[in-house]
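To start, the structure itself, in structure tokens.
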């Protein structure tokens, strides 16, 4: 079994939020196995048994499989007697005592990557509010997976620079600009990653792209100072840097002033040049 491992933490968090916000006693879900139209239930919240654990739900089968096939939310009021779904999974559903169930697909770039379920142990309509909260929870997971995908693409494209920088290969200056763009994108993306391990991996990649941490100058930059300088190096205004980093323009100005003091720079351009010499930026 090979599963799309990215997103398991987000699935777990979404299920917890779903139960807390709606009062549903049970929530569960999982990710699509890599290369297959099949969801593996890996995360359980509020369950009384392990009947649903590791259950493989094939596209088109049962409620979750129908949600995968249609790429849209599906719900039934009484699972075991519903005529709107097939019944390959009645035994584990009955073992957990579930009656009313909803299933919401997690869709990223038109591809179903997982399913979130919420359920009651009584046969009653789940209601529009419950469905809306479940859809919102799925959207949160989708956004997290998009961020992970973008981060993975940037990490795959990033390569450590030569020790002497672009001067070693003047013909490669265009490629070097791509490295700098990747560095800026990684710095801007990292604070938005909810998974601490992945966030740390991104920051380590940034360290590979730059020569060092400024220790040779006797000063060390704050992470946000480097984020701001990376945006400035790409020609961003304070306003556009603020939008990209998710902070206020005044905050960008404050970090930029602090970085300029540390670097002994009087202008934004001087700050970028000094930051590259100090190894803060590639």
Looking at (1) over 20 Å from residue 47 (Cβ atoms); (2) at pLDDT below 95; (3) in contact with a strand residue (DSSP E or B) (Cβ under 8 Å, 6 or more places away or on another chain), which is the only condition residue 105 fails?
-> (2)
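Would you point out which residue out of 82, 132 is more than 20 Å from the chain's Cα centre (by Cα) and within 30 Å of residue 245 (Cα to Cα)?
On the way: 82 fails: within 30 Å of residue 245 (Cα to Cα).
Result: 132 is the single residue among 82, 132 that is more than 20 Å from the chain's Cα centre (by Cα) and within 30 Å of residue 245 (Cα to Cα).
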Within segment 241-264, track down each residue that is crowded, with 18+ Cβ neighbours inside 10 Å and farther than 18 Å from residue 181 by Cα.
-> 252, 255, 256, 259, 260, 262, 263
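Considering only segment 53-62, state which residues are surrounded by fewer than 24 Cβ atoms within 10 Å (Cβ to Cβ) and touching a strand residue (DSSP E or B) at 6+ places or on another chain (Cβ under 7 Å). Spell out the reasoning first.
Step one: filter segment 53-62 for residues surrounded by fewer than 24 Cβ atoms within 10 Å (Cβ to Cβ), giving 53-56, 58-61.
53, 54, 55, 56, 58, 59, listed by residue number.
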Do the conditions hold for residue 146, that is, is it surrounded by fewer than 19 Cβ atoms within 10 Å (Cβ to Cβ), touching a residue at least 40 places away in the same chain (Cβ under 8 Å), in the same structural domain as residue 13 (by TED's automatic domain parsing) and part of a helix (DSSP H, G or I)?
-> no
Could you please let me know if residue 131 is in a loop (DSSP other than H, G, I, E, B), crowded, with 16+ Cβ neighbours inside 10 Å and at pLDDT 90 or above?
-> no
Over segment 47-62, the set of residues within 12 Å of residue 29 (Cβ to Cβ) and in contact with a helix residue (DSSP H, G or I) (Cβ under 7 Å, 6 or more places away or on another chain) is 52, 55, 57
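Can you work out which of the residues in segment 209-227 that are outside any loop (DSSP other than H, G, I, E, B) and closer than 14 Å to residue 263 by Cα is modelled with the lowest pLDDT? Can you show your working first?
Step one: of segment 209-227, the residues outside any loop (DSSP other than H, G, I, E, B) are 209, 215-217, 223-227.
Checking which are closer than 14 Å to residue 263 by Cα leaves us with 215-217, 225-226.
Numbers: 215: 45, 216: 42, 217: 50, 225: 90, 226: 88.
Selected residue: 216.
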In segment 182-199, what residues are closer than 23 Å to residue 142 by Cβ and either in a helix (DSSP H, G or I) or at pLDDT below 70 (or both)?
-> 185, 186, 188, 189, 190, 191, 192, 196, 197, 198, 199
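The values are calculated or read from the model by the stated rules, or taken from the named source; none is laboratory data. Quick caveat: nothing in here was measured; it's all calculated off a predicted structure. Please note: Cβ atoms are built from the backbone with ideal geometry, for glycine as well, and neighbour counts cover all protein chains shown.
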